[in-house]
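In what follows, a structure is listed as structure tokens, so that the remarks can point back to it.
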There are 2 protein chains.
Amino acid sequence: MAVRGGQNMGQDMKQDSAEILECVRRRCDEWIASLKSPNIDKIYSSIKSGKMLRSKLILAILESSSVDFAKDFRGDSKANSKKANSKKANSKVDSAQGLSKDSSILDCAISLCAIIELIQCASLLHDDVIDEAHTRRGVPSVNASFGDKNAIMLGDVLYSRAYFYLADFPQAIAKSVSNAVCALSRGEIDDVLYSRDFQPSLEVYYKILEDKTASLIASSAESSAILAGLDSAKYYEYGKNLGLAFQIVDDVLDITQDEATLGKPNMNDLREGKSTLPYILLYCELDSHKKEEFLAHFYARDSVAIEWFRNAFCEQNTIQKCQNIAKDFITKALNAIQDERNATLEQIATSMIERSF
Amino acid sequence: MAVRGGQNMGQDMKQDSAEILECVRRRCDEWIASLKSPNIDKIYSSIKSGKMLRSKLILAILESSSVDFAKDFRGDSKANSKKANSKKANSKVDSAQGLSKDSSILDCAISLCAIIELIQCASLLHDDVIDEAHTRRGVPSVNASFGDKNAIMLGDVLYSRAYFYLADFPQAIAKSVSNAVCALSRGEIDDVLYSRDFQPSLEVYYKILEDKTASLIASSAESSAILAGLDSAKYYEYGKNLGLAFQIVDDVLDITQDEATLGKPNMNDLREGKSTLPYILLYCELDSHKKEEFLAHFYARDSVAIEWFRNAFCEQNTIQKCQNIAKDFITKALNAIQDERNATLEQIATSMIERSF
């Protein structure tokens, strides 16, 4: 925001952003409510909203490209949002550069965010079934509350709803997003397969990371840049590296934070047998005797193993090394957009390293 | 076909159709192979192809509208298919009526069929997880062979792959298909919910049927009609009623056929506690004393129950009544397209009643 104004302007926009994110949540709710299924409404309403990182990226990119965007919101946010929403059914974004005349820029931004949030939510619903996760964002997961069957099907509902509205956007965006969802599922299949044994390859780890986490973040940034008429390749690169850093930080937090902070049990990756970066780095640095010990604990997954890994990470300074790798990805992300002068994106990237949940 | 030629012409086209269906299967395989994931290839190759009813509808509608379609295939099917395929990445169907100049009609038809078959396959993968089905089309289901996790994720891969290629088609088709997938998942959620208790309402039954089975068949017919520049509403109506008849026949076959013919265990709906048409019709015709007996057997789901239901269906002539209802839907389907003179669609509808698996 700093690129477009002083301190007050920045504060204004921060408040606006929170309101726009609220509009995104409302649009998701409206799209689901339009299915007129009390069963779907009941299950969907149990889901707690997340940090909406992908929406924040989309908005930050669109904001930087168009003064109209902010004006559009300040002018008459509620009336505008309502009006735009009622026009939604007939509106179509048909230019790769901009937006059609009957859709406001803000309205399109909100829809794009809602599409990505529904997709993200759908993927988490299926992830939680696969990981047999009981909690998500500090509340019981849908599979825990309503069973695997409902979690799988609600995921399918959210995906298809997202694709329905995605058809209003330019083909390049529809292709980017559907490709990302495909990568995401491919990453999950590989992840499940490699969870059987300890997987020590950094190359495999990064490939899964790129598929599972980075692809949708990269696609969100790319799609927003396409809408804004910016150089989408730069933003894709930014999003990809941000996504890689994001997941590495997540892998570290699983070890360093407690359950209350995480909103789910800690040392969860070990319990699920997931070979994340800290474990791979540690393993690579051990001698063959210690490697055997590592594997015995990795497969035991008990409280003794947790203690052993905590000590080993400490001795080898593994956490710091992981953080440095995450920082390198953040640097790559920042380099990708260095000529774009988007202070919000820069701020999102730098604060990623410091996040604690 | 009879509308366009005599006996020989019909036979020619029948052979052509089998070859085109083979092209559809090949296109699906190519799209999945392009993901370059050995894990996905391994699981996907274990799936046995189905009857491809939806593809047959799509082809029958496109054939009736354009002489070029048949010529296109006869001319040089393999070279053409290959050439068209290599152009695929850049081709885009951008007219609601016809097809863009750089894509052959046949090529688009094959892609539309492949999209629908991938979606159908994805929905069955998730259905089988939900129903805990061990077999599908006479072979072990993916969830039985590779576990629920892989079945869920492969379903997501196939869905997203289908949407990726759907973005090449006109918006009306993308909306129709994504809406159908949404209806399909909504129907499955309702179906799961109502499987807890016996569900005696015909209205609820037909709503679930329309969502679960009819929506994608209707959307296939509608999408093909949009591509062909025909009156898509008529074809939607045809597909919807055909789909309703199809599922009722399926519900009947679950009772009347043996495992070898079905490719899965019979009386399966009773075992899963599904309130299908035969059970609802029977229940509605019983007195209150017999209704209690019905419910006791319905919940017992044992071999005594199976015998009791077989006898009751026989006494009340339930199977014949269900077949008559299916015939009524077929009549509605035929009425919807009576002015369209499409002999293949008429033949598909009339033979639906006589199918035994």
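Tabulated values for the structure
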read-out: Gyration tensor (alpha-carbon) shape descriptor, the range B:127-232, a/c threshold 1.5; value: oblate
read-out: Ascending list, in nanometres, of distances separating the residue A:331 label from those of the other copies (7 Å, Cα toward Cβ); value: 7.8
read-out: Highest average packing first - B:217-225, A:196-204, B:132-140, Cβ atoms within 10 Å; value: B:217-225, B:132-140, A:196-204
read-out: Calculated label separations, residue B:200, copies of the chain, 7 Å along the beta-carbon direction, nm; value: 6.6
read-out: Pairwise centroid distance, computed over Cα atoms, of the range A:102-121 with the range B:212-274, Å; value: 34 Å
read-out: Packing-based ranking, highest mean first, of B:23-31, A:170-178 given that Cβ atoms within 10 Å are counted; value: A:170-178, B:23-31
read-out: Cross-link reach list, aspartates and glutamates versus residue A:207, counting only Cα pairs under 12 Å and skipping chain neighbours closer than eight places; value: A:188, A:190, A:191
read-out: The range B:272-357 - convex hull of alpha carbons, volume per residue in Å³; value: 110 Å³
read-out: Residues of type aspartates and glutamates that residue B:290 reaches as a straight line, Cα spacing below 16 Å, ignoring anything fewer than 8 places off in the same chain; value: B:307, B:315
read-out: Too-long pairs where the Cα-Cα distance tops 18 Å, listed order kept, from B:240/B:332; B:51/B:274; B:240/B:274; B:56/B:240; B:212/B:240; value: B:51/B:274; B:240/B:274
read-out: Closest approach to the A/B rotation axis among chain A Cβ atoms, residue and whole-Å value; value: A:163, 2
read-out: Top positive-direction residue, dipole computed over the range B:170-357 with Cβ charges, set B:311, B:239, B:255; value: B:239
read-out: Modelled FRET efficiency - R0 41 Å, residue B:139 with residue A:338, Cβ distances, 0.05 increments; value: 0.15
read-out: Area buried, chain A against chain B - accessible surface, total, 1.4 angstrom probe, square angstrom; value: 3800 Å²
read-out: Per residue solvent-accessible surface (Å²) - the range B:170-357, probe of 1.4 Å; value: 41 Å²
read-out: Neighbouring partner chain Cβ atoms per residue of B:166-175, average, 10 Å criterion; value: 5
read-out: Spin-label pair residue B:288/residue A:347, simplified geometry with 7 Å Cα→Cβ offset, distance in nm; value: 7.1 nm
read-out: Shielding by partners - mean other protein chain Cβ count within 10 Å, residues of A:145-155; value: 6
read-out: Partner chain coverage, peptide B:121-134 - average Cβ within 10 angstrom; value: 2
read-out: Length added when fully stretched, residue A:172-residue A:317, from 0.36 nm per residue minus Cα-Cα; value: 47.8 nm
read-out: Residue A:296-residue A:233 FRET efficiency (beta carbon distance; Förster radius 56 Å; 0.05 resolution); value: 0.75
read-out: In order through the range B:328-340: 3J(HN,Hα) via Karplus (6.51 cos²θ - 1.76 cosθ + 1.60), integer Hz, x for Gly, Pro; value: 4, 5, 4, 4, 4, 4, 5, 4, 4, 10, 4, 8, 8
read-out: Where Rh is the Kirkwood radius over Cα pairs, Rg/Rh for the range B:170-357; value: 1.01
read-out: Cα centroid separation - the range B:29-69 against the range A:318-337, whole Å; value: 43 Å
read-out: Chain lengthening between residue B:22 and residue B:258 when straightened (0.36 nm per residue, less Cα-Cα); value: 82.1 nm
read-out: Loop trypsin sites (Lys or Arg not before Pro), the range B:276-306, which have at most 15 other Cβ atoms in a 10 Å radius of their Cβ (DSSP); value: B:301
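The values are calculated or read from the model by the stated rules, or taken from the named source; none is laboratory data. Bear in mind that the values here come from a model prediction, so they are computed numbers and not experimental data. Cβ sites come from the backbone with ideal geometry, for glycine too, and all protein chains shown count toward neighbours. We work out accessible area using only protein heavy atoms, side chains counted, and drop any ligands, DNA or RNA first. Shrake-Rupley method; radii C 1.70, N 1.55, O 1.52, S 1.80 Å.
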